[in-house]
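Undergrad: This is the structure I have questions about; it appears just below.
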Amino acid sequence: MDGELLPRDFFDRPVDEVAPSLLGHVITHRTAEGDVAARLTEVEAYAGPLDPASHAYRGRTRRNAVMFGPPGHVYVYFTYGMHFCMNLVCGPDGTSMAVLLRAGEIIAGEDMARTRRPRSTVRDLARGPARLCQALGVVREQNGLDVCTPGGEMTVLRGEAADPALIRNGPRTGVNGAKEVPWRFWIDGDPTVSPYRPHVLRRRKKITADE
DNA sequence: TGATGGATTATCT
DNA sequence: GATAATCCATCAA
C-alpha cells in the first residue's frame, strides 16, 4: 500500500475530535498473502478513566496497556470468546483514549478479504468491528503496532475525509455504561455502516444437575 | 476459585 | 426476533 500516512499529531488530540475526523480515511494491513485496505465509515470514541464504557476505566492492565502508551498505535482486544476488535490510540502518552473502528468499505485486497470471510457479501465484508478485523486479518498478534511508520505492517492513509454535512453521531453500540454519551460517529447513508443494536444481557445457560 | 458479563456475529424461527 | 458459540477480564468470597 502506498499513500500519505496520517501524521502522529492527527491522533494526539482529544478522542471525540479524532473519531469523526477519521471517517473517510483508510486503514491498511499488509501480510505475506497480500494487502487489504478499508475506508472507515463508522467509529466510536472511548475516553479512558473517566468513561465507564472504556476498557481503561479501571486503570491499566495487561490487556489495555497499549491504550496508555503513545498515540497512533493499534489496541486489539478479544471479546465474546471468538472475536477481535481494533482501536486506534489517541491523546498524549500516558492518557488512555482510543477510537474503536466499527466498520469500513474494503477498497483494496477484496479477494483476500473474501478469502477470510467466504460467506460474506461484499457489503458485509467489514460491516461491524469484528468483521472489519477479520477482513483485514487483524488478531492478537497485531496489538500494539504503530500505524504512523511508513512501510509499517499497518498504516492509516489519508483518504477523502467525509463530508462534515454527512457525519452523524449517536449513542455507542452495545455498551452498558454511559449509554447516553453520543460518541458513535458514522457517514450517513453509507451501506457499510453497521446496524445499531442496544446493549442486551445474555441469558446464561442453565446448569442442569444431571445430563 | 467460581460466577458473571461482555465495545459480536451467524444462524436459526 | 432470539439464541448459541465460547475465551477472558473482573469481582466477590
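The values are calculated or read from the model by the stated rules, or taken from the named source; none is laboratory data. Please read these numbers as outputs of a predicted model, since none were measured by experiment. Here the Cβ is made from the backbone with ideal geometry for all residues, glycine too, and neighbour counts use every protein chain on show. The area values use the complete protein model at the heavy-atom level, side chains included, leaving out ligands, DNA and RNA. Shrake-Rupley method; radii C 1.70, N 1.55, O 1.52, S 1.80 Å.
Undergrad: Scan the range A:157-211 residue by residue and report those that are open to solvent by 100 Å² or more (accessible area, probe 1.4 Å), more than 28 Å from residue A:121 (Cα to Cα) and modelled with pLDDT of 95 or more.
TA: Once the filter is applied, which keeps residues that are open to solvent by 100 Å² or more (accessible area, probe 1.4 Å), more than 28 Å from residue A:121 (Cα to Cα) and modelled with pLDDT of 95 or more, the range A:157-211 yields only A:164.
Rundown of residues vs (1) more than 9 Å from DNA strand C (Cβ to nearest atom); (2) within 16 Å of the chain's Cα centre (by Cα), yes/no style:
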| site | (1), (2) |
| --- | --- |
| A:41 | yes, yes |
| A:46 | yes, yes |
| A:51 | yes, no |
| A:57 | no, no |
| A:68 | yes, no |
| A:72 | yes, yes |
| A:76 | yes, yes |
| A:83 | no, yes |
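Undergrad: Another question, then. Restricting to the range A:133-156, name every residue that is outside any loop (DSSP other than H, G, I, E, B) and either modelled with pLDDT under 95 or acidic (Asp, Glu) (or both).
TA: Hits for the range A:133-156 are A:141, A:146.
Undergrad: Please work out which residue is farthest from DNA strand B (Cβ to nearest atom), limiting yourself to the range A:179-192 and to residues that are touching an Asp or Glu at 6+ places or on another chain (Cβ under 6 Å) and more than 11 Å from residue A:45 (Cα to Cα).
TA: Filtering first and then ranking leaves A:186.
Undergrad: Can you name the condition, by its number, that residue A:56 falls short on among (1) near DNA strand B (Cβ under 8 Å from one of its atoms); (2) in contact with a helix residue (DSSP H, G or I) (Cβ under 8 Å, 6 or more places away or on another chain); (3) closer than 14 Å to residue A:139 by Cα; (4) not polar (S, T, N, Q)?
TA: (3)
Undergrad: Among (1) touching a Cys at 6+ places or on another chain (Cβ under 8 Å); (2) open to solvent by less than 20 Å² (accessible area, probe 1.4 Å), which single condition is residue A:139 missing?
TA: Looking at each condition in turn, residue A:139 falls short on (2).
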